[in-house]
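None of the figures in this text is laboratory data; all of them are computed from the coordinates on show. Predicted model, so just to flag it, every value in this text is computed and none were measured. Positions of Cβ are backbone-derived with ideal geometry, glycine not excepted, and every protein chain shown enters the neighbour counts.
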Amino acid sequence: MADNITPAERSAVMAAVRSTRNQSTELRLMALLRGLGITGWRRGSLLPGRPDFVFPATRVAIFVDGCFWHGCATHCRLPASNREYWASKVAANRCRDRRNARTLRQLGWRVLRVWEHELRPAVAPRVGRRLRRNLNEARITAPARRHERTAHAIPGEVGASKYSRGHRSGPLTLTALPAISRPCTPRRIP
């Protein structure tokens, strides 16, 4: 079937399409967390890189990465057409992922990444054990942060940082982002 609009018009239409995030994998991780009885997580964080799940009390950020978009070494198969474009796109995504993880670590957060293929029913228990172990380690090493909580800050108001967000348990307030020491160079994907 032939396309009835020009390539420039098609490009403009596709550029206007915005992602609603990878909900199927996030819902699978949410079901896993609930099934294991792991509580204390929040979604929709305003932290750098927009982690899919955040545990504010222990400062743990979890990203759920799709195998194609984030370049899983096992499952990422680039399309045959326009291969250079897709290779650079996935490489840029991986570069951004490393930069965001480094920024979060500099801010004192523990960063965990879960691949889409790790949420299959056969492998999910292994991921559950890894999450529980990391959360327990973070709980042991996390300093008490009760004194950092203040009245509910509204983003954009005086006293609210760029990453403030009001919760029933108090806002999550971070300091200004540190400068990143070195630029991220994309790696080649085979």
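Things to note:
- Amide H contacts of D52 (H built 1.01 Å from N, in plane; Pro and chain starts excluded): I62, F63, V64 sit under 5 Å, all sequence-distant by 5 or more or on other chains.
- Taking Cα centre as origin and charging only the Cβ of basic (Lys, Arg, +1) and acidic (Asp, Glu, -1) residues, the dipole magnitude of region 1-121 rounds to 520 debye.
- Ranking of V54, V111 by count of other Cβ atoms within 10 Å, fewest first: V111, V54
- Backbone amide hydrogens, once placed in the peptide plane, bring R110 within less than 5 Å of V60, A61, excluding anything fewer than 5 places away on its chain.
- Note on E116, E137: ascending count of other Cβ atoms within 10 Å places them as E137, E116, the fewest first.
- Karplus-based coupling profile of region 103-117, in residue order and whole Hz: 4, 5, 5, 5, 7, x, 9, 8, 10, 10, 10, 10, 7, 3, 6, with θ = phi - 60° in 6.51 cos²θ - 1.76 cosθ + 1.60 and x standing for Gly or Pro.
- Net lengthening on full extension, A73/I38 (0.36 nm per residue, minus Cα-Cα): 9.7 nm
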